[in-house]
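Structure first, then comments.
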Amino acid sequence: MNNINIDEPIREVVISGLAVLKIIKHCRQYIPTRVTGQLLGLDANGVLEVTDSFVLPVRGASGEDDKDPDPEYELKMLHSLREVNVDNISVGWYISTFLGQHLDLPDPRNQEALPFLINTQFSWQSGIPNSVVILYDYLASTHGSLSLKALRLTKSFMQSYKNKDVNFKKEKLLETNFSFRSIFEEVPIRIDNQGLATALLYQLETDDSIFDQFESFDLGADDFMEKNLEIILSSLNDLQNRQNVHQNWQRTVARTEQAQQLFIQKRKAENVVRQNKGLPLLPETPKDLMLSPESSRLFKEIPEPWKANLESLILSYRIADQCHQVSQFAGQTLTKQYLTKTMYNANKN
């Protein structure tokens, strides 16, 4: 009997065709609203098997905009699945995406809000180390291939995120050589069908009564490319805004340090006069001045905007991901156009 190792890091995600169809149906139903759901299955010997999934309720989906979803819905659903002897072990979650929507950042005016995807996956991996998040992109899937991706946060990012207000400062990022490529790791994903389902697919493939679909031969790429390029330009603008936040902090720190030096010089000159008069000396070191009521505000440390640094890394990852998607799609489109040109010339001759 083979030993089952549940502590081995996952190397592959194997997802059943049933779970894939459920995910696709749920995500398409609420386009372009972001929806999520839970993955069920088993993790053993480095392979994460996803056998089923269920949706998580969306606020206002039933027409009652002010009604929040049941906070105990997940527990009730898992309990119901266990009663009917269906897989009920949580192994991760899925989320729909639309032109990089899964990497959207919170309102910069809300300093307490954190990126949804990263914060949620961090909670999952903290409780279930081998859990994954599966992304389904409907728009990319309508252009010839199924866009399904499994992601995990890297070990280095998990360690940094635990103490994010310190580890995402600029000096610490330079010290650890941390970059946007250190945020996520992609896990290979494979769709597995049962024997009967595979036989049905072969039968449907040879059935002449089923109309062929020619979406994969669509040569119109202008709209899709245009939208992706708009997202890239918007992300570059957001990245510039986050970098401006850090530059403003640097300028504020420089002005504050200059004011502190002038204050210390005046205090030292004042202490010379007080010493000649035999009066007690006033504090003149930065540490003592920080504790003094009259100068504590000037010598108070200005915290570095670590949140802007984290969001800059996420935006850099988003730009790289969109560029890769544009490059991949452009390569497929050029191949189709060269094939069409060859067929046209052949028919012409």
Item to check | Residue list for the stretch 295-306, filter: open to solvent by less than 20 Å² (accessible area, probe 1.4 Å) and either of a type outside the set (Phe, Trp, Tyr) or within 12 Å of the chain's Cα centre (by Cα) (or both) | outcome: SER295
Checklist entry - Which residues, counting only those in the stretch 116-153, are open to solvent by less than 50 Å² (accessible area, probe 1.4 Å), over 22 Å from GLY41 (Cβ atoms) and touching an Asp or Glu at 6+ places or on another chain (Cβ under 8 Å)? => result THR142, HIS143, GLY144
Next on the checklist: For the stretch 163-177, give me each residue that is loosely packed, with under 13 Cβ neighbours inside 10 Å and either without any contact (Cβ under 8 Å) to a residue 24 or more places away in the chain or over 21 Å from SER126 (Cβ atoms) (or both).
Outcome noted: ASN163, GLU171, LEU174, GLU175, ASN177
Checklist outcome for this item: Here the residues within the stretch 20-40 that are outside any helix (DSSP H, G or I) and surrounded by fewer than 17 Cβ atoms within 10 Å (Cβ to Cβ) are TYR30, ILE31, PRO32, THR33
Item to check | Sole exception among (1) at negative phi; (2) open to solvent by 40 Å² or more (accessible area, probe 1.4 Å) for ILE232, by number | outcome: (2)
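The values are calculated or read from the model by the stated rules, or taken from the named source; none is laboratory data. Keep in mind it's a predicted model, so treat the numbers as computed, not measured. Neighbour counts run over all protein chains shown; Cβ positions are idealised from the backbone, glycine included. The area values use the complete protein model at the heavy-atom level, side chains included, leaving out ligands, DNA and RNA. Shrake-Rupley method; radii C 1.70, N 1.55, O 1.52, S 1.80 Å.
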